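*Asks:* I'd like to ask some things about the structure below.
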Protein chains: 2
Amino acid sequence: MDDFWSGVGVDLHLEPDSADGRRVGLERALRDAVRDGRLAPGTRLPATRRLATDLGVSRGTAKAAYDQLVAEGYLTARQGSGTRVAALPPSQDSASPRGDAHARAPRLDLRPGSPDVGAFPAAAWLRALRRAIATAPSLAYDYGDPRGRIELRTALSGYLGRARGVLAPPERIVVTSGYVQGLALLTRVLGGAPVAMEDPGLPFHRDVVRHNGGTLLPAPVDGRGVRTDALGEAAAVVVTPAHQYPTGVTLHPERRRALTDWARMRGGLVVEDDYDGEFRYDRQPVGALQGMAPGQVVYLGTASKTLGPALRLGWMVLPPHLVDAVADAKLHSDHHTETIGQLALAELIDSHAYDRHVRACRLRYRRRRDQLLDRLGAHRGVRGIAAGLHALIDVPDEAGVLARAEAEGLAVGTLGTHWHAPGPGRPQGLVVGYGTPRERIYPEALDALAKVLGTGR
Amino acid sequence: MDDFWSGVGVDLHLEPDSADGRRVGLERALRDAVRDGRLAPGTRLPATRRLATDLGVSRGTAKAAYDQLVAEGYLTARQGSGTRVAALPPSQDSASPRGDAHARAPRLDLRPGSPDVGAFPAAAWLRALRRAIATAPSLAYDYGDPRGRIELRTALSGYLGRARGVLAPPERIVVTSGYVQGLALLTRVLGGAPVAMEDPGLPFHRDVVRHNGGTLLPAPVDGRGVRTDALGEAAAVVVTPAHQYPTGVTLHPERRRALTDWARMRGGLVVEDDYDGEFRYDRQPVGALQGMAPGQVVYLGTASKTLGPALRLGWMVLPPHLVDAVADAKLHSDHHTETIGQLALAELIDSHAYDRHVRACRLRYRRRRDQLLDRLGAHRGVRGIAAGLHALIDVPDEAGVLARAEAEGLAVGTLGTHWHAPGPGRPQGLVVGYGTPRERIYPEALDALAKVLGTGR
């Protein structure tokens, strides 16, 4: 055996008496070598004749092994260029924008988008699961209504009414597997119509609309929230009225009115992303826009910020004319959302454990917000702090600050990635997710941020 | 107040001192009347002038109440046709093909499609959930890999290899929220390309392909399974090789070879729906087609038949070149499948509780199959009984048998609904799901079936 083969680790002594065993052993050795990366993508393998000679197997065995691995997609064979290692199966993280986020997360993570998942109420959730399973009729384990379990829709109806001022009769609610699914279903129901999205806004949500066939229009945001005079030919506009992402602006009352007027006059649809509406610190909670115009607004809520993104539980409250179409899109996407989690959330809401948990989180995040302000001092431009889990901090030079942060092992978001069309002359800023770090590491993350910004006490 | 208003139940004595109170009371009364169905869709309401006179409120109050309910979508107002009750919000069951299936299920249900959900292993699932929550790191509650948890993909990799002969490295597995989602994602990735589907086959799955932009082609099925000489210009073909749905035919070895040859030669994709591959009674299990050509076959499996449809847990094993595209489609559909259920299923597989449960189910369903054959006698054309949860029973007159079944309170499926293009001259049959009824009611369901067929002992 020459170096090539010993490098690859081929060991043909596995089942020396059987031609089959040799072929299988050779296949396995090659497969493992490709998987482990010992054979890099594009590597040209020896011709079968040489392989057979080198390893003391028949040429038929060598050819059979190559053929099998071509069939499996590990190797490619093309006339003239021989047998090569195929492009690698994707690495664990390549498919997601953040991948399995924290597998490669920096130690000090102030990127926005996730709550403190260390605060997931595991014991309460397990209790709710147990009670859901104890009380569920066996028919609950069959296929169900694409709109979700009636128990959860009824619980949400009451909760959204009292907590967010949403007019949400259970028959207008569709339970989704998170916010993204709600946005995807709506985009498909709108069938390619132009969808205006806040600029700046979350790039991933723009991707979701594009990916599901929507045409994007930018809806500029100013100090009063989304500009309602700039909606152009949009059939729908997606907004974050309670706490604009990422600027943190609360939609001004005049703009709220203008938005619902636009919807009524133009027959447009307002899509209200109430991603962190539960977390308001300084004033009375701002009720959902939906309450002003339930026939024109689709309300989208989520358990991702209050409980945890892993649950993939969200909800849509729809104008009557959209319920059937959205339920139909849901049915043909995944039939319905997983049932036991729905029953557990209904339990949690009905027992008021959900409210208690949200209140406790609100206190914790408010304390973190206060610590952030305290640590950075009063002189900094820190925006959007009345609510939510993130703040926008003015900086003159995003790139420079980002580089300093990286050197400190600190990850933060920047405003720059949020524009529809990035370019020079745009305002610059850091988007700081103060909800994200585990509790014990938060002070250290703040220290690093203060150092990077050259500020603090 | 005249009869119209007392019929609607308007009670304006709620808050008689306040104009606001009257408006709110009127709104609520109207809203409730529409919701309850006391005001039917399309009903024309009195003009505001008459409303105001009848109820002793100002015309402004009457108009404000109508406007609000128009805004909420309960009423519609059009110039010339006055104010009318809008089309009703959909009733609870209207959105699903079977709706919340068993809410209106007949007592004796032999329709195919669901396992016996009374056999859901609730205690084992709860134990697995508890262990998953006890051992999950807090980062598991954050957003995750769109392909699913590595714990579950690793467990599935081993399970599918030993139980189904699937070559399934974890990096080629995408966990889905059930089979339907896998089919929907694939269809979108294929971007409108022609997809051949077995004829006869499940109509709902055709709907899923159509709904997600696919172009349908019929792939005729004969006594050896799908006809591989009739795939025409298909870019992909969806097949049920282990136990064709609904004919119950096992794909003949020659056809298996022809199918993978077609895929290799034409660059086509074979989509293997292994919906009940775990349940084979008479012979050695038929391994998955995927093992013969892992580079050409997408393998789709599900926990819907082994555990329960409510869990919405399925998996795809993909050729390398499709992994990124499918993971990307999944990401933009719902980010990823709910995490805790994934971890619980991994627990169940790793502890071999899943295998034990599948074995127990196989014994139970085999017993049911034997009871069916015994009850119907040997002289009937009963097909597809070597595997799965359903049988096809030849009948000369579907409609007549169906009418007799209905009279007995028995629901069964018919072959007629499964053709791409129904028409006269097609073979006729009953599709009998013997897995579906609760255990204690199964004998009674069989009695009814025997009576309807005029057969049995």
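*Asks:* Of everything in the stretch B:217-248 that's farther than 19 Å from B:VAL297 by Cβ and touching a helix residue (DSSP H, G or I) at 6+ places or on another chain (Cβ under 6 Å), which residue is most open to solvent (accessible area, probe 1.4 Å)?
*Replies:* The extreme case among them is B:PRO220.
*Asks:* Just checking, how many residues over the stretch A:106-130 are of a type outside the set (Ser, Thr, Tyr), within 9 Å of chain B (Cβ to nearest Cβ) and not in a helix (DSSP H, G or I)? Step through it out loud before you land on a result.
*Replies:* So in the stretch A:106-130, the residues of a type outside the set (Ser, Thr, Tyr) come out as A:106-113, A:115-130.
Next, from what is left, pick out any that are within 9 Å of chain B (Cβ to nearest Cβ): A:113, A:115-120, A:122-123, A:125-126, A:129-130.
Now restrict to residues that are not in a helix (DSSP H, G or I): A:113, A:115-116, A:120.
Result for the stretch A:106-130: 4.
*Asks:* Here is a follow-up. If A:THR83 satisfies every condition in (1) at pLDDT 65 or above; (2) over 30 Å from B:GLY268 (Cα atoms) but one, which is the exception?
*Replies:* Among (1) at pLDDT 65 or above; (2) over 30 Å from B:GLY268 (Cα atoms), the lone unmet condition for A:THR83 is (2).
*Asks:* How about the stretch A:262-278: which of its residues are more than 13 Å from chain B (Cβ to nearest Cβ) and open to solvent by less than 20 Å² (accessible area, probe 1.4 Å)?
*Replies:* Hits for the stretch A:262-278 are A:GLY268, A:VAL271, A:GLU272, A:ASP273, A:ASP274, A:ASP276, A:GLY277, A:GLU278.
*Asks:* Okay, next question. Do we have A:ASP142 as free of Cβ contacts under 8 Å to residues at least 40 places away in the same chain, in contact with a Ser or Thr (Cβ under 7 Å, 6 or more places away or on another chain) and buried (at least 19 other Cβ atoms within 10 Å of the Cβ) here?
*Replies:* On the way: free of Cβ contacts under 8 Å to residues at least 40 places away in the same chain: yes; in contact with a Ser or Thr (Cβ under 7 Å, 6 or more places away or on another chain): yes; buried (at least 19 other Cβ atoms within 10 Å of the Cβ): yes.
Spelling it out, A:ASP142 is indeed free of Cβ contacts under 8 Å to residues at least 40 places away in the same chain, in contact with a Ser or Thr (Cβ under 7 Å, 6 or more places away or on another chain) and buried (at least 19 other Cβ atoms within 10 Å of the Cβ).
*Asks:* Within the stretch A:420-427, is even one residue crowded, with 16+ Cβ neighbours inside 10 Å and of a type in the set (A, V, I, L, M, F, W, C)?
*Replies:* no
*Asks:* Same structure, new question: Hey, could you check the stretch A:1-38 for residues that are within 14 Å of chain B (Cβ to nearest Cβ) and modelled with pLDDT of 70 or more and say which is most open to solvent (accessible area, probe 1.4 Å)?
*Replies:* This residue is A:ARG28.
*Asks:* With (1) open to solvent by less than 50 Å² (accessible area, probe 1.4 Å); (2) at pLDDT 95 or above; (3) under 22 Å from A:ASP334 (Cα atoms) as the list, and B:GLY192 as the residue in question, which single condition is left unmet?
*Replies:* (2)
Conditions (1) more than 11 Å from chain A (Cβ to nearest Cβ); (2) out of contact with any strand residue (DSSP E or B) (no Cβ under 8 Å at 6 or more places or on another chain); (3) open to solvent by 10 Å² or more (accessible area, probe 1.4 Å); (4) outside any loop (DSSP other than H, G, I, E, B), marked per residue:
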residue: B:ALA132; (1), (2), (3), (4): no, yes, no, yes
residue: B:THR154; (1), (2), (3), (4): yes, yes, yes, yes
residue: B:SER157; (1), (2), (3), (4): yes, no, yes, yes
residue: B:ALA163; (1), (2), (3), (4): yes, yes, yes, yes
residue: B:VAL175; (1), (2), (3), (4): yes, no, no, yes
residue: B:ALA184; (1), (2), (3), (4): no, yes, no, yes
residue: B:THR187; (1), (2), (3), (4): no, no, no, yes
residue: B:GLU198; (1), (2), (3), (4): yes, no, yes, yes
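*Asks:* Also: Got at least one residue in the stretch A:318-330 being over 21 Å from A:SER157 (Cβ atoms) and not hydroxyl-bearing (Ser, Thr, Tyr)?
*Replies:* yes
*Asks:* With the checklist (1) within 11 Å of chain B (Cβ to nearest Cβ); (2) in contact with a Gly (Cβ under 8 Å, 6 or more places away or on another chain) in hand, flag the one item A:ALA193 doesn't pass.
*Replies:* Only one criterion in (1) within 11 Å of chain B (Cβ to nearest Cβ); (2) in contact with a Gly (Cβ under 8 Å, 6 or more places away or on another chain) is unmet by A:ALA193, namely (1).
*Asks:* Still on this structure: When you check A:ALA101 against the structure, is it modelled with pLDDT under 95 and within 7 Å of chain B (Cβ to nearest Cβ), yes or no?
*Replies:* yes
*Asks:* Does A:ARG364 satisfy the condition of being in contact (Cβ under 8 Å) with a residue 12 or more places away in the chain and in contact with a strand residue (DSSP E or B) (Cβ under 9 Å, 6 or more places away or on another chain)?
*Replies:* Answer is no for this residue.
*Asks:* Which residues, taken from the stretch A:380-391, are open to solvent by 10 Å² or more (accessible area, probe 1.4 Å) and out of contact with any Asp or Glu (no Cβ under 9 Å at 6 or more places or on another chain)?
*Replies:* Matches in the stretch A:380-391: A:GLY384 only.
*Asks:* In the stretch A:321-356, how many residues are touching a helix residue (DSSP H, G or I) at 6+ places or on another chain (Cβ under 7 Å) and over 16 Å from A:ARG147 (Cα atoms)?
*Replies:* Count: 7.
*Asks:* Would you check which residues across the stretch B:293-335 are more than 7 Å from chain A (Cβ to nearest Cβ) and closer than 24 Å to A:GLY308 by Cα and list them?
*Replies:* Of everything in the stretch B:293-335, those that are more than 7 Å from chain A (Cβ to nearest Cβ) and closer than 24 Å to A:GLY308 by Cα turn out to be B:LEU313, B:GLY314, B:TRP315, B:ALA329, B:LYS330.
*Asks:* To continue, here is another question. Tell me the residue from B:LEU259, B:LEU313, B:LEU300, B:LEU318 that is closer than 22 Å to B:VAL189 by Cβ, without any contact (Cβ under 8 Å) to a residue 60 or more places away in the chain and surrounded by 24 or more Cβ atoms within 10 Å (Cβ to Cβ), please.
*Replies:* Working: B:LEU313 fails: without any contact (Cβ under 8 Å) to a residue 60 or more places away in the chain; B:LEU300 fails: without any contact (Cβ under 8 Å) to a residue 60 or more places away in the chain; B:LEU318 fails: without any contact (Cβ under 8 Å) to a residue 60 or more places away in the chain.
The conditions single out B:LEU259.
*Asks:* Taking only pairs six or more apart or across chains, which ones have beta-carbon atoms under 7 Å, a first residue in the stretch A:419-448 that is aromatic (Phe, Trp, Tyr), and a second residue that is at pLDDT below 95 and assigned to a loop (DSSP other than H, G, I, E, B)?
*Replies:* Short answer, once both residue conditions are applied: A:TRP419/A:ARG426.
*Asks:* Of all residues in the stretch A:206-216, how many are open to solvent by 30 Å² or more (accessible area, probe 1.4 Å) and not polar (S, T, N, Q)?
*Replies:* Number of matching residues: 5.
*Asks:* If A:ASP370 satisfies every condition in (1) under 24 Å from the mean Cα position of the chain (by Cα); (2) free of Cβ contacts under 8 Å to residues at least 12 places away in the same chain; (3) farther than 30 Å from B:PRO203 by Cα but one, which is the exception?
*Replies:* Among (1) under 24 Å from the mean Cα position of the chain (by Cα); (2) free of Cβ contacts under 8 Å to residues at least 12 places away in the same chain; (3) farther than 30 Å from B:PRO203 by Cα, A:ASP370 violates only (1).
*Asks:* Out of B:ASP355, B:ASP324, report the one residue that is closer than 27 Å to A:VAL34 by Cβ and open to solvent by 10 Å² or more (accessible area, probe 1.4 Å).
*Replies:* It is B:ASP324.
The values are calculated or read from the model by the stated rules, or taken from the named source; none is laboratory data. Computed from a predicted structure; not experimentally measured. Note that each Cβ is placed from the backbone with ideal geometry, even for glycine, and that neighbours are counted across all protein chains shown. With ligands, DNA and RNA removed, areas are computed over all heavy atoms of the protein, side chains included. Shrake-Rupley method; radii C 1.70, N 1.55, O 1.52, S 1.80 Å.
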